[in-house]
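S.K.: Please read through the structure below; I'll follow up with questions.
Readers should treat all values here as calculations from the given coordinates under stated rules, not as data from a laboratory. Model, not experiment: these values are computed from the prediction. Virtual Cβ from ideal backbone geometry, glycine too; neighbours counted across all protein chains shown.
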Amino acid sequence: MKKEAFLKGLPLGIFVLTLVPVLIFAIFATTSMSGEEIEAEEYPTANEYYQETLPVVSENNYITSPYVDSGVTIGKSYYDYKGEETTQENSIVVKENTYYQNTGIDFVKKEVFDVIAIADGTVKTVKEDDILGKIVEVEHKNGLISIYQSLSEVSVKQGDNVGQGQVIGKSGTNEMEKELGNHLHFEIYVNGSSVNPELYINKEYKKEN
């Protein structure tokens, strides 16, 4: 049978279905030959695309200093029994001829400065003590508690939720460390134990969900 007669006898639909795949193959082959070979694995999957483009939400945060005033300095350090002798000497509090190991850091400045929350938390206690002055205790996650003593003013009340960096009071004086003048006595407790605040300030900590 002649080729022309054979094609004439085929239904039009079959002819089209036969011709289309041939044309697609020819176009694909021409494109591949004119440029670099196209491979499927060069294209990311939808999951890979979204993983690369969506921002990662970090579960970590940083504990900030309890102040922002650049003029604040350390008047007395935390007493570290493993520390150097000169550092330990500057970590002793003397009251009525009695020596006490400093359980926090005393931040000093001649002028009154704002005291801020070091991390998100809930105000656990607000009280005033004849020796220690006004006190604010904030409970954070992961068993961390921050304590702010020797305040002249308090801007929060018990039960308040505070955000990191929120002003909770102002520095002041107290009878325990009268010689320091205007200052903030700051302490950190982790799971009920006193720790050196310098090991936590401006450091990253894991937040609970």
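S.K.: What GluC sites (Glu not before Pro) in the range 137-209 are in a loop by DSSP, with at most 16 other Cβ atoms within 10 Å of the Cβ?
M.R.: The qualifying sites are Glu175, Glu208.
S.K.: Quote the relative contact order of the range 60-206 in percent (integer), defining contacts as alpha-carbon pairs under 8 Å separated by 6+ residues.
M.R.: Relative contact order comes out at 29 percent.
S.K.: Can you list residues whose amide H is under 5 Å from Asp160's amide H, if they're 5+ apart or on another chain and H is modeled 1.01 Å from N?
M.R.: Val123
S.K.: Report, by chain and number, residues whose modeled amide H sits under 5 Å from the one on Gln166, excluding near sequence neighbours (fewer than 5 apart, same chain).
M.R.: Amide H to amide H, under 5 Å and 5 or more residues apart or across chains, Gln166 pairs with Ala117.
S.K.: Place a +1 charge on the Cβ of each Lys and Arg in the range 60-206 and a -1 charge on the Cβ of each Asp and Glu, then give the dipole magnitude about the Cα centre in debye, rounded to the nearest 20.
M.R.: Using Cβ point charges on Lys, Arg, Asp and Glu, the range 60-206 gives about 360 debye.
S.K.: Mind sorting Lys127, Lys141, Lys76 by how few other Cβ atoms lie within 10 Å of their own Cβ, fewest first?
M.R.: Ascending number of Cβ neighbours within 10 Å: Lys127, Lys141, Lys76.
S.K.: Using the 10 angstrom Cβ neighbour count as an exposure proxy, how do Ile131, Ile118, Ile147, Ile74 rank, fewest first?
M.R.: Ordered from fewest to most neighbouring Cβ atoms within 10 Å, Ile131, Ile118, Ile147, Ile74 come out as Ile131, Ile74, Ile147, Ile118.
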